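The values are calculated or read from the model by the stated rules, or taken from the named source; none is laboratory data. Predicted, not measured: the structure shown is a model, and the values here were computed from it. Every residue, glycine among them, receives a Cβ derived from its backbone with ideal geometry; neighbour counts consider all protein chains shown.
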Amino acid sequence: MIYQYFFRFILVIGMFYCTYALADDYSSCNEYLPALRQINNHKVGPESCQMQQMELEFNGHTFIRADLGLDGTVEGYVTREGNYREYLTNAPDLVFPQTQASKPEIPILAISHYERLRGAAILLVYPKNRKDWNGKLWVTAHGRGSSFHNGSLKLWNKYLDPADPLGELNKLEHVMLTQGYALAVTMRTSEENVGEIVSTLEDGTVVDWVAFNDSHSYIKDFTYVAENAINKRLGKIPTRTYLYGKSAGARLARGLNYYGTTLNTDGKGKRIFDGFLVDDAAAGTWLPVVMHDGKDVLLQTDAEKQAFVPQLELGHQAYSAVNDHDLPDFVTIGFLTNKYNNARILLEKGLGEKFRFYEIKQLSHDDGSAFPEGKKGKLQILDLSLLIDGAVNLLDQWVEGVKIAPPSRSDYLLVGDTNQDGKLDRPAISFPEVACPLGYFYPYPKSGVGTTSWAAFTGQGPEPLDENEAFVDMNHSGTWDFRESPEAAWQRLGLLQAGETLTPQRYMECISKSATELGDEGLFSADTVKNYMAKASSKNLKPVSDDEPALILYNKF
């Protein structure tokens, strides 16, 4: 064991030398740090900041990218035993009881260290000219599985590639920049048991298995730094700050909103995040339920409901993964059913005016942002950034009182039946490629994974098998049978009458109707609607193989 710590010490010294050997390239950004706060006998918060920056051109405007590497500490709670024991969280009553059927251990306060030498950073991008800035900030929180150990986190000064200065950002974040927002991409260790986070428990024990997956204080502290940097550089504090969270970052965002009176405030009671864009929360949790003495005590008071801010949530319907451990009665093993229950419970608690759930058909957990050309080998994924383009603007209008977000859309009757007449009047969202299909997107390489492939309606041969040799039910017959032709599929879906032929005109009419409806609701931008109709005019209506591009439209950022 002593050798392990010795080698870890040598590694840190080596990284320190490599990072600061060219110290002239970097500068201190300590002026952006908030004051440390007192947690028991500890001073906690960001302690030091190093910065590098460059100027870049994007979407016809000049931006500044400043990478801020941070060292510091953050407080939270863990448990010594049980599922998710490593998840440092500031909402222990929400998190740990939802991870196992047996009563969890009493949570233990921990003070945990983060280091820029192990990837802790903010990738801050903002318009150089204040006139190009809309005055608002988006903060993003990524999902589980990021660490220096597995290579997904880097030395703080190695995220930036001068030859591709926005390459580290995904398409969804690019969309935020196109709308004039400042952007703060937060980087944190979110893989457990990798020895990257030294934590001191309240009894003095030092451990190295903690992860920042659910650390609300971490995201809040990094947000303070980003806001201070924007204020110093553009001469104005953001008028609105929004949080986008994906997967583990999404349930972190849920926790901030569900504990709005305590977690979504700074030390002086000021609100931090004005709205949340929650993207496919990991395992469909955390649900808005905290049980004490057999009663749900969460979001019951007027003060709690008043503190709840607009939450626009996206659910990826084709992500059919399941939990493989025991759970309490109110948490299901199915990720999608948990997303359904989250929406239902919030509606039952009277928060329907501040909450929307938009379920998306034939989209698994991944969002296509890694595919500049829309596909990679057998993988083809609907490009969620097209919908995010609308959702970002929609959430802002909702928060500003300009426009009320349209009602939730889901194939779950208790959510999609918005007028309570027992009929599904607001079904899940279908991208135009799904509403007017020439094939079918399905989880690939096997059921339960986050990626999809595409099977064309060729009218030839049997339906495909995935890598586990499970058949893909393209026509929802419940049996493994033959592939339909495009005409047969459209007739089954009621898009064509029996005997009708799929013509370019009928196809264009369908695409136009689908894209326009999403545009009218604000879920697609006007440019996206226009581009769908332009691209659809050249689409091959009789695909001959699964290797053909499935997507009509995707962003090429």
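Considering only segment 452-504, state which residues are among the small types (G, A, S), part of a loop (DSSP other than H, G, I, E, B) and within 23 Å of P549 (Cβ to Cβ).
Filtering segment 452-504 for residues among the small types (G, A, S) gives 453, 455-456, 459, 461, 470, 477-478, 485, 488-489, 494, 498-499.
Among the residues that remain, those that are also part of a loop (DSSP other than H, G, I, E, B) are: 459, 461, 470, 477-478, 485, 494, 498-499.
Within segment 452-504, G459, G461, S485 meet the criteria.
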**Prompt:** If you scan segment 173-184, which residues turn out to be of a type in the set (A, V, I, L, M, F, W, C) and either within 23 Å of D221 (Cβ to Cβ) or not in a helix (DSSP H, G or I) (or both)?
**Reply:** M176, A182, L183, A184
**Complete:** Pairing a residue in segment 289-301 that is touching a residue at least 12 places away in the same chain (Cβ under 8 Å) and within 13 Å of P97 (Cβ to Cβ) with any residue that is of a type outside the set (A, V, I, L, M, F, W, C) and assigned to a strand (DSSP E or B), where Cβ atoms lie under 9 Å and the two sit 6 or more apart in sequence or on different chains, gives V289/D296; V290/D296
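Could you tell me which residue of segment 185-243 is nearest to G275 (Cα to Cα), considering only residues that are small (G, A, S) and part of a strand (DSSP E or B)?
The first filter runs over segment 185-243 and keeps only residues small (G, A, S), leaving 190, 195, 199, 204, 211, 215, 217, 226, 229, 235.
Keeping just the survivors that are part of a strand (DSSP E or B) gives 199, 211.
Numbers: S199: 31, A211: 25 Å.
Here the answer is A211.
Of all residues in segment 300-320, count the ones that are more than 23 Å from the chain's Cα centre (by Cα) and either crowded, with 21+ Cβ neighbours inside 10 Å or not aliphatic (A, V, I, L, M) (or both).
Our first condition is that a residue be more than 23 Å from the chain's Cα centre (by Cα); within segment 300-320, this holds for 300-306.
Applying the additional criterion that residues be either crowded, with 21+ Cβ neighbours inside 10 Å or not aliphatic (A, V, I, L, M) (or both) yields 300-302, 304-306.
Final tally of qualifying residues: 6.
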**Request:** Scan segment 390-430 for residues that are among the acidic types (D, E) and either crowded, with 22+ Cβ neighbours inside 10 Å or out of contact with any Ser or Thr (no Cβ under 7 Å at 6 or more places or on another chain) (or both) and jot them down.
**Result:** D396, E400, D411, D417, D421
**Request:** Would you mind finding the one in G145, G119 that is surrounded by fewer than 17 Cβ atoms within 10 Å (Cβ to Cβ) and under 15 Å from N213 (Cβ atoms)?
**Result:** G145
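Among residues belonging to segment 267-289 that are assigned to a loop (DSSP other than H, G, I, E, B) and basic (K, R), point out the one that is modelled with the highest pLDDT.
Quick first cut of segment 267-289, residues assigned to a loop (DSSP other than H, G, I, E, B) only: 267-270, 272-274, 280-281, 285-289.
In the following step, the residues that additionally are basic (K, R) were identified as 268, 270.
Working: K268: 88, K270: 95.
If we take residues in segment 267-289 being assigned to a loop (DSSP other than H, G, I, E, B) and basic (K, R), then K270 is modelled with the highest pLDDT.
So, I64, is that one of a type in the set (A, V, I, L, M, F, W, C), surrounded by fewer than 22 Cβ atoms within 10 Å (Cβ to Cβ) and out of contact with any Phe, Trp or Tyr (no Cβ under 9 Å at 6 or more places or on another chain) or not? Let's see the steps before the verdict.
Working: of a type in the set (A, V, I, L, M, F, W, C): yes; surrounded by fewer than 22 Cβ atoms within 10 Å (Cβ to Cβ): yes; out of contact with any Phe, Trp or Tyr (no Cβ under 9 Å at 6 or more places or on another chain): no.
Considered against the rule, which asks whether it is of a type in the set (A, V, I, L, M, F, W, C), surrounded by fewer than 22 Cβ atoms within 10 Å (Cβ to Cβ) and out of contact with any Phe, Trp or Tyr (no Cβ under 9 Å at 6 or more places or on another chain), I64 comes out as no.
Hey, among the residues in segment 528-540 that are farther than 18 Å from Q380 by Cα and of a type outside the set (G, A, S), which one's surrounded by the fewest Cβ atoms within 10 Å (Cβ to Cβ)?
Top of the filtered list is K530.
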